[in-house]
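Working notes, structure below.
Every read-out reported here was derived from the displayed coordinates using simple, explicitly stated rules and does not represent laboratory data. This is a predicted model, so every value here is computed, not measured. Glycine gets a Cβ as well: all are built from the backbone with ideal geometry, and neighbour counts include every protein chain shown.
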Amino acid sequence: MKEKFESSSAITFFVVCIGLVSLGILLSELQSILVPFVIASFLFILFSPVNSYLTDKKIPLWIVIIFNIVIIVFISFGVIRFVVDSVLQLTADLPNYFNKLNSIVRKTAIEVGINDPYFKYFSIQKILTKLDYKALAGGVFNSVFSLVGNILFLLLFFIFIVSGHKSIFAAIRGRYYGDDSNSSANQSSNLVATKRGKPAELQLAKTIKTITEQIQKYIISKISINLLAGIFVGFFLFILKIDFPVMWGLLTFFLNFIPSIGSAIALVLPTLMAIIQFESLSYTLLVAGGLGFIQTAFFNLLEPQLIGKRLNLNPIAILLSVLIWGYIWGILGMLLAVPLTAIIKIIISNSENQNLRFIADLMSQE
């Protein structure tokens, strides 16, 4: 009997593993559809307090949707315009940076004792001449075209989610917990389903409310922390006269939505700029130390207090989620990893299955 139970458990374990792997493959294959849908869902959650207030004031839903889209487009256009202007300005100064980089590599090769002509006469311009600019331009064009398509896809999903979320919730409630139909054919069965399903219906509403509140808290807190960190980084680099301080601050804001990995990239890039710009090791160490202090203060001390405790997620669970979602959906998966993991944890924590609750406890910080 014991051997039969152990065999059944082993089979169940392998079936679950195969199911999870298959689910990961399916999510990866449907990335172009699911990622815009998930982002649109998060935007809906973020806008839901304002939208609820406006609809309570008897403002038509189509006006509310247009208002949301105007805000999204306005913010997106402002960010894209700033990034494009910064890239154009950086491109104009590239020859100067290339010459400084060549000088740094050549001097370092001489000091280390490297006699290889490649390093002794290093030239980044010669390396760039070997690039296939046609293929590069084609890749950039395809990326921009894909980005525009994804944004339009996202807005389309957002419109349908805002206009149809109440109907979806009502359909789920009617399917699993009975409806308010008074037809004689279904009256007795609906009465039984309602009596049995009322606690479960309340639990469903509570779960949805908890997910909404948690995601709102995460998005607002994360945006606030990243914004403050970006302002501090930009101001710090401005004081030290590092070129493009606002661009580095904006980069800090965006990259730190990716836990751990984003912080490292946001630290390395301005440090490289300091090396190229001033060719001074001590000054570069000063820049790196200051940036490291800001990153540590905001993302190792402040963020766990504001976000970690609110979402109640174990740091190990966060790291694993970033790796897994990054493998499935790339950079966008890393950006969405934490809120997606929080949603999964909330859902399985409300399950009556002991194994799922055990997983939820492993994912918890406390």
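Using the Cα coordinates of the stretch 20-69, the gyration tensor eigenvalues translate into equivalent-ellipsoid semi-axes of 33, 10, 7 Å, sorted from longest to shortest. The amide H of Gln365, built 1.01 Å from its N in the peptide plane, has Leu313, Asn314 as neighbours under 5 Å, considering only residues 5 or more places off or on other chains.
The smallest convex shape that holds all Cα atoms of the stretch 221-353, its convex hull, gives 103 Å³ per residue. Shown here is the pair-distance distribution of the stretch 221-276: with all Cα-Cα distances grouped in 5 Å bins from zero up to the longest one, the shares run 5, 24, 32, 24, 11, 4, 1 percent. Is the shape of the stretch 268-339 rounded, prolate or oblate, going by the alpha carbon gyration tensor and its root eigenvalues a ≥ b ≥ c, with a/c under 1.5 for rounded and a/b larger than b/c for prolate? Oblate. Both radii are taken from the alpha-carbon atoms of the stretch 326-366; with Rh as the Kirkwood radius, Rg/Rh is 1.08.
Here the ratio of the Cα radius of gyration of the stretch 1-119 to 2.2 N^0.38 Å is 2.11. For the stretch 230-235, the Karplus equation 6.51 cos²θ - 1.76 cosθ + 1.60, evaluated at θ = phi - 60°, returns couplings of x, 5, 4, 5, x, 5 Hz by residue, with Gly and Pro reported as x.
Potential lengthening of the chain between Leu152 and Leu272 amounts to 39.6 nm, from the contour at 0.36 nm per residue minus the alpha-carbon distance.
Modelled spin labels at Leu23 and Asn312, positioned 7 Å past Cα toward Cβ, are 2.1 nm from each other. If you plug the beta carbon distance of Ile110 and Ile231 into 1/(1 + (r/R0)^6) with R0 = 41 Å, you get a FRET efficiency near 0.50.
Once the Cβ-Cβ distance of Asn99 and Ile208 is raised to the sixth power relative to R0 = 45 Å, the FRET efficiency obtained is 0.15. Listed values for the stretch 340-347 are Karplus-derived 3J(HN,Hα) couplings in whole Hz (6.51 cos²θ - 1.76 cosθ + 1.60, θ = phi - 60°), namely 5, 5, 4, 5, 4, 5, 4, 5, and x replaces Gly and Pro. Sequence-ordered 3J(HN,Hα) estimates for the stretch 18-30 from the Karplus curve with 6.51, -1.76 and 1.60 and θ = phi - 60° stand at 5, x, 5, 5, 5, 5, x, 5, 5, 4, 5, 5, 9 Hz, glycine and proline given as x. The slack between Ile331 and Asp361, meaning 0.36 nm per residue of separation minus the straight C-alpha distance, is 8.0 nm.
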